[in-house]
Amino acid sequence: MVAGAATRSNGSRPHEVLRAPVSAPARVSAGKHVTINYTLRTNGAIRHIRSAVWGDEPLEYEHGGGRLLPALQRALEGKAEGERFVVTLPPEDAYGERDKALQQRVPAEEFGGVDQVEPGMCFLAHSEDGGRVENVMITEVNEENGFVVVDTNHPLAGMTLEFDVTVVAVRDAPATGGCGGKA
């Protein structure tokens, strides 16, 4: 018999209650698979929501994999599952300032087949060398002179971005087999 151990009248020991150690919530760090919900605002107006409230799947990414804006990724570093925070990114930490060099005049006939070309419309266009497809937005239509101004700046360039983020889950990256397959 163990000294000091409680015993029953029949000499047996009562069941011991084992408590699982309480672990701290997982934290965002390089190589972790992270799941987030977020709301993006510019000038106080909502631009994009990724939330289960709206029926959206959360955004999943590998932290450090280059999928997010670097400044947003830095803001997520060390955050715990369930944590909610707001981060404001000035243009230089987001998509940069608007660059006039990324705007050009294009003959209006380049948009043949489109009934009415108006500012704010977006199109896919081939780069001059034909090697890339780029998103372009019409910023000006000059019907008198027969040209359209297209802009290849990111639509959020020049804007301060405010992200309201909730870390939904943080988990280790899945193990891969020797040939890159999942284990």
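Every number in this text was worked out from the coordinates using simple rules, so none of it is lab data. Predicted model only: the values in this text are computed from it and were never measured. Every residue, glycine as well, gets a Cβ built from its backbone with ideal geometry; the counts of neighbours run over all protein chains shown.
In cubic angstrom, how much convex hull volume per residue do the alpha carbon atoms of segment 12-162 span? All intermediate terms of the calculation are to be shown ahead of the outcome.
Working: hull volume 30.2 nm³, N = 151.
Dividing the Cα hull volume of segment 12-162 by its residues yields 200 Å³.
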- Charge context of ALA80, other residues only, Cβ under 14 angstrom, K/R +1, D/E -1: +2
- Task: Calculate how large, on average over all directions, the projected area of the Cα convex hull of segment 80-182 is; give the answer in nm² to one decimal.
- Result: 11.6
- Query: For segment 30-95, how big is Rg over Rh, using alpha carbon atoms and the Kirkwood form of Rh?
  - Reply: 0.94
- Message: Please report, in whole Å³, the volume per residue of the convex hull around the C-alpha atoms of segment 100-151.
- Response: 83
- Ascending count of other beta-carbon atoms within 10 Å, so fewest first, for LYS32, LYS100, LYS79: LYS100, LYS32, LYS79
- Message: Please list 3J(HN,Hα) in residue order for segment 63-68, calculated via the Karplus relation 6.51 cos²θ - 1.76 cosθ + 1.60 where θ = phi - 60°; whole Hz, with x for glycine and proline.
- Response: 5, x, x, x, 7, 9
